[in-house]
DNA sequence: GGATAAATATTATGCACATAACTAATATGT
DNA sequence: ACATATTAGTTATGTGCATAATATTTATCC
């Protein structure tokens, strides 16, 4: 691949990252949320109570980041953290009533953002988009070891 | 759009942002660069000397961020900042020899990253990718005022 | 069962990027 | 020409996320 194309791809990803995040921040601000926190709320709403290690895995953030996120959401009363009975290292994270209500609002907002984001694209492209983006993300996943080249790792 | 789809889109963008940036960071580290700095070097290599306000516009970062980026790249000797003769507010940013050499290395690395990123996607999809991503980024641009809905603002 | 390894969470620290508030220089309007 | 508005850049501050180092608990292996 020549530099022009490569730059187009990398730059576009970078710009999209900045803008999408900024727009999410603008939409979340009225709810008193900062970007990143919404992901945690949605994950808890989807999956139910879970420990931080599971959250870390689910939302793709490192444990120290999860510590900070949960601490802040706990401080604002949207989640609780209780020691796990079976494992005294772990702490179970759970939505409060306030958190559940907020998650519902976030869901709506999430739809608004997604629709806004894909405006003007043909339905076909929109349908393929999540798969394509996930492939891209998987290809540059720094957690998994780099496959030597071109071949996909087996399941 | 229902929540499932919206979440798929938003989450995929978020994950791609995190991973692509992390991978870029891993590749740039051996060159002594942090992600973000490479964009400035490439822009200077492409366009030539420019003042910070132009850089801010070109790379999509706010002026205070540009101040920090340029300061650090100046400290590491890859760029110079000289007062503009015609406008004493502005400072002209320019690549040094070291910066030009580094930019060449970054170009190669940029190709590696892009190829790695799009691995496994059909050529058609890869070809369309920059355009699609730029559309997405444009749709959520917080700088431009939001069009009330669906209509594009006139030039 | 006692040493050792692994897992969970946290603290400390560093980076990019943002907004708000500010200074200094240039344009502009009467 | 002078008051005013705009523009270029900086400083101060706050956010998310990362890595490295650390305690504490649990699992594993003779």
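Determine if the range B:114-133 includes at least one residue that is within 8 Å of chain A (Cβ to nearest Cβ), touching a residue at least 24 places away in the same chain (Cβ under 8 Å), assigned to a helix (DSSP H, G or I) and away from DNA strand D (no atom under 16 Å from the Cβ).
Yes, the range B:114-133 contains a residue that is within 8 Å of chain A (Cβ to nearest Cβ), touching a residue at least 24 places away in the same chain (Cβ under 8 Å), assigned to a helix (DSSP H, G or I) and away from DNA strand D (no atom under 16 Å from the Cβ).
If the requirement is being away from DNA strand D (no atom under 12 Å from the Cβ) and either more than 10 Å from chain B (Cβ to nearest Cβ) or out of contact with any strand residue (DSSP E or B) (no Cβ under 6 Å at 6 or more places or on another chain) (or both), which of these qualifies: A:59, A:13, A:55?
The unique qualifying residue is A:13.
Being closer than 25 Å to residue B:6 by Cα, within 14 Å of chain B (Cβ to nearest Cβ) and within 9 Å of DNA strand D (Cβ to nearest atom), is that true of even one residue in the range A:82-103?
Scanning the range A:82-103 turns up no residue that is closer than 25 Å to residue B:6 by Cα, within 14 Å of chain B (Cβ to nearest Cβ) and within 9 Å of DNA strand D (Cβ to nearest atom).
Within the range A:16-40, count every residue that is away from DNA strand D (no atom under 13 Å from the Cβ) and within 12 Å of chain B (Cβ to nearest Cβ).
Of the residues in the range A:16-40, 5 are away from DNA strand D (no atom under 13 Å from the Cβ) and within 12 Å of chain B (Cβ to nearest Cβ).
Please verify whether residue B:70 is loosely packed, with under 14 Cβ neighbours inside 10 Å and at pLDDT 95 or above, treating the condition exactly as stated.
no
Looking for something buried (at least 16 other Cβ atoms within 10 Å of the Cβ), part of a helix (DSSP H, G or I) and at pLDDT 95 or above - is there at least one such residue anywhere in the range B:77-99?
yes
Scan the range B:41-49 and tell me whether some residue there is in a helix (DSSP H, G or I) and within 13 Å of DNA strand D (Cβ to nearest atom).
No, there is no match, as no residue in the range B:41-49 is in a helix (DSSP H, G or I) and within 13 Å of DNA strand D (Cβ to nearest atom).
Kindly establish whether residue B:64 is within 12 Å of DNA strand D (Cβ to nearest atom), away from chain A (no Cβ under 14 Å) and within 27 Å of residue B:18 (Cα to Cα).
Yes.
Which of the residues belonging to the range A:1-45 are over 16 Å from the mean Cα position of the chain (by Cα) and over 20 Å from residue B:114 (Cα atoms)?
A:26, A:29, A:30, A:31, A:32, listed by residue number.
The values are calculated or read from the model by the stated rules, or taken from the named source; none is laboratory data. Just so it is clear, the structure is predicted and the values come from calculations on it, not from any experiment. As a convention, Cβ positions derive from the backbone with ideal geometry for all residues, glycine included, and neighbour counts pool all protein chains shown.
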